[in-house]
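Here's the structure we're looking at; comments come further down.
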Amino acid sequence: MLIAAVLASVATASVVAAPNSAGTGTHTEKLYRWVDEKGVVHYGDSVPPEYSKQQRDILNKQGVQIGTLDAEKTPAQVAEELRKRDALRQSQARDEILLRTYISTDQIEQLRDQRLEMIEGQIKVTTQYLRTRRTRLAELHTQSAVFRPYSTAENARPMPDQLAEELVRTLNDIKVQEESLVSKRAEQEALREQFHKDIERFRELKSAQTVTRTQ
């Protein structure tokens, strides 16, 4: 049935495309070719409305394809095309910045090392501060051990508000600094990765320029 349908469509197209045998002298200048949901190929001088949004081929009167009408894109396809176009623009802009900013990979590596050293300095300062806060926390734990609820002695007094507040404040401070350390180390890794990509891309761009000049 599928083959018969295709052959029938082709036969119909041939009749439509042929000159009018009645002598009117008129004939169809172009045809459309499309495929239905069953995979059957159709030909005609117009496309039914239900197929107007899908891809159609344009044929001349000899049946030779002379063009294509693309299928109407879905919102998701349009969004994906815009995303790819934006990514390409950003990549091209990044390439231009690399070529305008640096002369050699040595310059990129020097800047990378400077940035990494600056972050490393921040990590050292935070680490040292954490060490002092943990020392203070140990002292506070020792002081609070004689008060309730840490002490089980019958005559143990409730912990003074000032001591309790400093204990909480110190714990919170340690947590913040530990999170800062994690963030700084992640920043270091991201920086190394970005500079690695920049160096590799810079080499590719310079190599391409050399090839272009030698051609």
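Bear in mind that the values in this text are calculations on the coordinates, not laboratory data. Here the structure is a predicted model, which is why all the values come from computation and not from measurement. Every residue, glycine among them, receives a Cβ derived from its backbone with ideal geometry; neighbour counts consider all protein chains shown.
Overview of values
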item: C-alpha long axis of helix 105-144 to longest principal axis of the chain, angle in °; result: 40 degrees
item: Simple label model, 7 Å out from Cα along Cβ direction - Thr212 to Glu37, nm; result: 5.1 nm
item: Per DSSP, loop GluC sites (Glu not before Pro) in the range 32-74 with at most 11 further Cβ within 10 Å; result: Glu37, Glu72
item: Rounded, prolate or oblate (a/c below 1.5 giving rounded, otherwise prolate when a/b exceeds b/c) for the range 37-182 by Cα gyration tensor; result: oblate
item: Residues Leu82 and Gln55, FRET efficiency given R0 of 25 Å [Cβ-Cβ distance, rounded to 0.05]; result: 0.75
item: Loop GluC sites (Glu not before Pro), the range 100-195 (other Cβ atoms within 10 Å of the site Cβ: 14 or fewer; DSSP); result: Glu154
item: GNM flexibility winner over the chain from Asp36, Asp113, Asp95 (Cα, springs under 10 Å); result: Asp36
item: Crossing angle, helix 2-17 versus the chain [Cα axis fit, 0-90 degrees, rounded to tens]; result: 60 degrees
item: Anchor Lys61: aspartates and glutamates whose Cα lies under 18 Å away (excluding residues fewer than 8 positions away in-chain); result: Glu29, Asp45
item: Gain upon complete extension [Glu29, Glu187; 0.36 nm per residue less C-alpha separation]; result: 50.4 nm
item: FRET efficiency for Ile97 and Ile119, using Cβ-Cβ distance with R0 set to 25 Å, rounded to 0.05; result: 0.70
item: 29 Å Cα-Cα threshold exceeded, pairs from Lys184/Lys206; Lys84/Lys175; Lys84/Lys206; Lys84/Lys197; result: Lys184/Lys206; Lys84/Lys175
item: The range 109-195: C-alpha gyration tensor shape, a/c 1.5 cut-off, then a/b vs b/c; result: prolate
item: Helix-only mean residue ellipticity at 222 nm for the chain, each DSSP H run of n ≥ 4 adding -39500 (n - 2.57), per residue, nearest 500; result: -23500 deg cm²/dmol
